[in-house]
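The next block holds one structure in the form of structure tokens; read it before the comments.
Read-outs throughout are calculated quantities, based only on the coordinates presented, and are distinct from any laboratory measurement. Predicted, not measured: the structure shown is a model, and the values here were computed from it. In this analysis, Cβ positions are derived from the backbone assuming ideal geometry, glycine residues included, and neighbour counts consider all displayed protein chains.
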Amino acid sequence: MANSTLIRKIHMSCPLCDRTHEIEERKRTTTIIIKGEEVTYEERFYFCANSDEDENEFETGAMTNENLLNARNAYRVKMGLLTSDEIVAIRESYGLSQVDLAKLLGWGEATISRYESKAIQDEAYDTMLRLIKDIPLEALEFLKKNSEKFSMVKRLEIRAKIVEKLDSYGRMSRNLL
């Protein structure tokens, strides 16, 4: 519990002491190694004052997932890669589902889901995501290349969203001149 900050106190069943009592939800800065790189991130956990000193902290499954995502995002930032939230924002800016974005880019259907939740993308995938983020015309090229993966209706919906982004980029460019 060293160097941790109290977030809140909650009354719950404790898996460490097998009693229902007030548990502290805490956070701290933690350092771990990911892919050979030391990264620092914020970790949340529960603290039980009734348990012995060696085993007085625990996490729920949801906390563990959140902590792992925080660690992976810290790695991404350190390595200059898009974070999970940035990948979600790119996808949402085109109004696409995870599967539709994967199809647009010619990737496996589960790829975007993994990058948004747990896996760390490599530089090549990151570059493709940045391309469509920064240059909507590239998204249009991907749509042309992978058009057979979409129904006609879906293809037209995606194209309309890309054209809308292109128009807004054009307006922004004119406003800068």
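Details
- Cβ-based net charge around T127, under 12 Å, with every Lys or Arg adding one and every Asp or Glu removing one: -3
- Annotation for E42 and M12: the two label points, set 7 Å from Cα along the Cα-Cβ direction, are 1.8 nm apart.
- Summarised as an ellipsoid, the stretch 84-176 has semi-axes of 21, 17, 11 Å, derived from the eigenvalues of the Cα gyration tensor scaled by 5 and square-rooted, with the largest first.
- Span-like helix ranges in the chain, DSSP H, alpha carbon extent 24 angstrom or more, Kyte mean at least -1.0: 61-79, 152-176
- Ignoring lysines fewer than eight residues from K27 along the same chain, the ones with Cα atoms less than 16 angstrom from its Cα are K9.
- FRET efficiency, K27 to A89 (Cβ-Cβ, R0 25 Å, nearest 0.05): 0.55
- Net dipole in debye of the stretch 40-177 [+1 Lys, Arg Cβ; -1 Asp, Glu Cβ; about Cα centre; nearest 20]: 1380 debye
- For the chain, the relative contact order comes to 13 percent (Cα pairs under 8 Å, sequence separation of at least 6).
- The stretch 5-79: C-alpha gyration tensor shape, a/c 1.5 cut-off, then a/b vs b/c: prolate
- Helical content alone sets the calculated 222 nm signal of the chain at -16500 deg cm²/dmol, taking -39,500 (n - 2.57) per DSSP H segment of four or more residues and averaging over every residue.
- For the chain, diffusion coefficient by Stokes-Einstein and Kirkwood Rh (Cα), 10 °C, 1.306 mPa s, µm²/s: 83 µm²/s
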